[in-house]
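Trainee: The structure is given below, and queries will be raised subsequently.
Computed from the coordinates by the stated procedures, all read-outs in this text should not be read as laboratory data. All figures in this text were calculated on a predicted structure; none of them were measured in a lab. For neighbour counting, all protein chains shown are included, and Cβ atoms are generated from backbone atoms with ideal geometry for every residue, glycine included.
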Amino acid sequence: MESRNMVRAFAVTLAAALSFGVAAQPFPAKPARLLIGYSTGGVVDILGRTVAQGLSEVWHQPVVPDNIPGASTIIMAERCKRSAADGYTLCLVSADTFSLNPHLYSKLSYTTSDFVAVTSLVQAWEVIVVTPSLNVKTVQELASVASGRPGQLNYSSFGTGGLPHLVTEMVAQRLGVKMTHVPFKGAPPALHAIVSGEVHVMYAAIANVLAHIQAGKLVPITVAGQSRTPVLPTVPSFSEVGLDDIRARAWFGLAVPAGTPQRIVQKIHADVVLAFQKPSLKQFFEKFSLEPLADAPEEFARFLKADYERGRDMVKRANVRLD
């Protein structure tokens, strides 16, 4: 009996020691990776790489960007879900991931419960632009041209079911016109299509199109949201042109696989806040017309719940299903 008690006591002591060792292990102690569900070259890719660099500098450990594009971030989310819950796999998530895909697909390979919210990163200012060949400068003029050419005007997006697709479809419905959707695999080809005149209309982050606006290759007609943006102060907002019932701005954040220890989640958030204080990141946000956020995990989790419901409404109004 005494021998068994000694063995049991040793086992308990060993387990406690191992548990203490795990709990006391510093984080991060090795390189991490950041999964990005978008192709290289667009603003989201640059955002991910900039955040990864900022965290690398804070952690003194590499944070390696890993682009896994396709299916509106579904492929990336699946990879993230299957990753170890140890904080060394960070996942760049968006409205596509948690707010739209669950309502677009009846059979999705993940749910929000497969992840832990870490922090919001940014909101993007977005704008509807048209090709100069249309010879329109306002939303009302676009509606007039499109109504006279039903189905003949087309608009590009980064993929079927993404925010640009749904918002443009809702705008067309609100204006009472029919336009044809032309999806592309990522921002660069979608942008090339409208600059080259292959398509007529595009809803995009201002950062993606600002240089082309300034060069006269694209014409901005309205910015998303309730107010104008300092970057394009003469361009009216959705609210000013009768689109105030369409409330959608792109956002991006960080999540980790479910089961990641809370102390690590809090550590990652705290270090994102530190990274955001760096002059290089502040300059990046200003250059690309991004609004930095860095909300606490609890705040971001509440936002995700509310945006899930907004996504349900958007998908219903746009009348889009993908299976």
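Trainee: Please report the spacing between the Cα centers of region 246-323 and region 167-207 in Å, no decimals.
Mentor: If you average the Cα positions of each part, the centres end up 24 Å apart.
Trainee: Cross-link candidates for LYS287: which lysines have Cα within less than 17 Å, leaving aside residues fewer than 8 places away along the same chain?
Mentor: LYS287 reaches LYS278.
Trainee: With no solvent and one equal point scatterer per Cα, compute the Debye intensity ratio I(q)/I(0) for the chain at 0.09, 0.10 Å⁻¹ and report its log10, rounded to two decimals.
Mentor: -0.50, -0.59
Trainee: Rounded, prolate or oblate: pick one for region 126-241, where a ≥ b ≥ c are the square roots of the eigenvalues of its C-alpha gyration tensor, a/c under 1.5 means rounded, and failing that, prolate if a/b is larger than b/c, else oblate.
Mentor: Rounded is the answer for region 126-241, as its axis ratio a/c remains below 1.5.
Trainee: Still on this structure, I have one more. Per-residue counts of other Cβ atoms within 10 Å, averaged by peptide: what ranking do you get for 234-241, 98-105, highest first?
Mentor: Most protected by this proxy first, the peptides run 98-105, 234-241.
Trainee: What helices does the chain hold that run 20 Å or longer along their axis, going by alpha-carbon atoms, with a Kyte-Doolittle average of -0.5 or more, using DSSP H for the helix calls?
Mentor: Once both thresholds are applied, what remains is 2-24, 43-59, 262-276.
Trainee: Among bridges DSSP assigns within the chain, what percent are antiparallel (round to 5)?
Mentor: About 60 percent, rounded to the nearest 5.
Trainee: Note the full-extension length gain between SER144 and ARG310 as 0.36 nm times their separation in residues minus their Cα-Cα distance, in nm to one decimal.
Mentor: 56.8 nm
Trainee: Based on alpha-carbon centroids, what's the gap between region 35-53 and region 83-134 in Å, whole number please?
Mentor: Their Cα centres are 13 Å away from one another.
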